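Undergrad: Okay, handing you the structure first.
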Amino acid sequence: NHVQVPEGGHTGSAPRAELDDAVLGSLRARYGRVATERVNAGPGITEIYRAMGGSVLPDDRTIWQKGIAREDELASRAVDRFCGSLGSVVGDYALAHGASAVVLAGGLGLRLRDILPTSTFAERFCAKPRYEAMMAGIPVKLIVHPQPGLYGAAAAFQTEHCR
């Protein structure tokens with residue numbers, strides 16, 4: 001086993017539903033080619049929020065905070081939609097790389113740790129015709145340590161120098 005370090009966020013974005021088409025169309029008008037990270041990284045929540053009818057566009061942090069806390073209906077729906085979109089792209093990466101497991105890391109995963117299990121993430125992760133059963137067997141784990149890089153460096157240092 002080894003850790004893959006791809007730049008998958010720069011692969012093209014493939015819409016699955018009309019709302020995805022609206023998000024993609026808006027981004028395409030501004031950027032031409034649309035990389036998946038335009039939608040599936042933290043700031044992408046604003047594109048989803050706008051496509052869902054958000055007329056007054058708060059910054060992405062406000063949408064995240066209000067959506068996760070369930071303080072704003074549209075922000076909550078945008079967060080849920082983001083989770084489904086993330087599930088689609090993570091599933092695509094797993095399928096493309098022949099993954100036997102997936103580990104999500106970073107601040108976004110920490111933010112979503114309580115929402116992902118009840119969102120459409122898993123459904124859209126597995127929604128790969130002819131491969132749905134295989135995809136359902138791929139475990140998806142979430143790193144919840146706030147500083148996994150520092151933790152790993154400390155563990156490596158201890159293993160190397162503190163015997």
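Undergrad: Six or more apart or on different chains, Cβ atoms under 6 Å: show the pairs whose first residue is in segment 72-89 and among the aromatic types (F, W, Y) and whose second is modelled with pLDDT under 95 and crowded, with 17+ Cβ neighbours inside 10 Å.
TA: Final answer for the pair search is F82/I45; F82/I48.
Undergrad: Could you grab me the full set of residues in segment 43-62 that are of a type in the set (S, T, Y) and open to solvent by less than 40 Å² (accessible area, probe 1.4 Å)? Show your work before the answer.
TA: Narrowing segment 43-62 to residues of a type in the set (S, T, Y): 46, 49, 55, 62.
Hits for segment 43-62 are T46, Y49, T62.
Yes/no per residue for (1) at pLDDT 90 or above; (2) touching a Cys at 6+ places or on another chain (Cβ under 7 Å); (3) over 24 Å from L104 (Cα atoms):
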residue: S26; (1), (2), (3): no, no, yes
residue: E37; (1), (2), (3): no, no, no
residue: T46; (1), (2), (3): yes, no, no
residue: G53; (1), (2), (3): no, no, yes
residue: V56; (1), (2), (3): no, no, yes
residue: T62; (1), (2), (3): yes, no, no
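Undergrad: Let me ask you something else. How many residues does segment 63-79 hold that are surrounded by fewer than 17 Cβ atoms within 10 Å (Cβ to Cβ) and acidic (D, E)?
TA: 2
Undergrad: Taking segment 21-70, which residues are of a type in the set (S, T, N, Q) and within 19 Å of L86 (Cβ to Cβ)? If you could, list the steps in order and put the result at the bottom.
TA: At the first step, the residues of segment 21-70 found to be of a type in the set (S, T, N, Q) are 26, 36, 40, 46, 55, 62, 65.
Answer for segment 21-70, where residues must be of a type in the set (S, T, N, Q) and within 19 Å of L86 (Cβ to Cβ): S26, T36, N40, T46, Q65.
Every residue, every condition in (1) farther than 24 Å from H97 by Cβ; (2) in contact with a strand residue (DSSP E or B) (Cβ under 8 Å, 6 or more places away or on another chain); (3) among the aromatic types (F, W, Y), yes or no:
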| position | (1), (2), (3) |
| --- | --- |
| R111 | yes, no, no |
| F125 | no, yes, yes |
| M134 | no, no, no |
| I138 | no, yes, no |
| P146 | yes, no, no |
| L150 | yes, no, no |
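Undergrad: Check off (1) in contact with a Gly (Cβ under 8 Å, 6 or more places away or on another chain); (2) crowded, with 18+ Cβ neighbours inside 10 Å; (3) more than 22 Å from I63 (Cβ to Cβ) for V89 and give me the number that stays unchecked.
TA: Of (1) in contact with a Gly (Cβ under 8 Å, 6 or more places away or on another chain); (2) crowded, with 18+ Cβ neighbours inside 10 Å; (3) more than 22 Å from I63 (Cβ to Cβ), only one is false for V89: (3).
Undergrad: Given the options A78, A96, A29, A22, name the one that is in a helix (DSSP H, G or I) and under 22 Å from G137 (Cβ atoms). Write out each step before concluding.
TA: Numbers: A78 fails: under 22 Å from G137 (Cβ atoms); A29 fails: under 22 Å from G137 (Cβ atoms); A22 fails: under 22 Å from G137 (Cβ atoms).
Residue meeting the stated conditions: A96.
The values are calculated or read from the model by the stated rules, or taken from the named source; none is laboratory data. As the structure is a computational prediction, the values presented were derived from the model and not from experiment. Because the Cβ atoms are built from the backbone with ideal geometry, glycine has one as well, and the counts that use them run over all protein chains shown. Note: areas computed on protein heavy atoms with side chains; ligands, DNA, RNA excluded. Shrake-Rupley method; radii C 1.70, N 1.55, O 1.52, S 1.80 Å.
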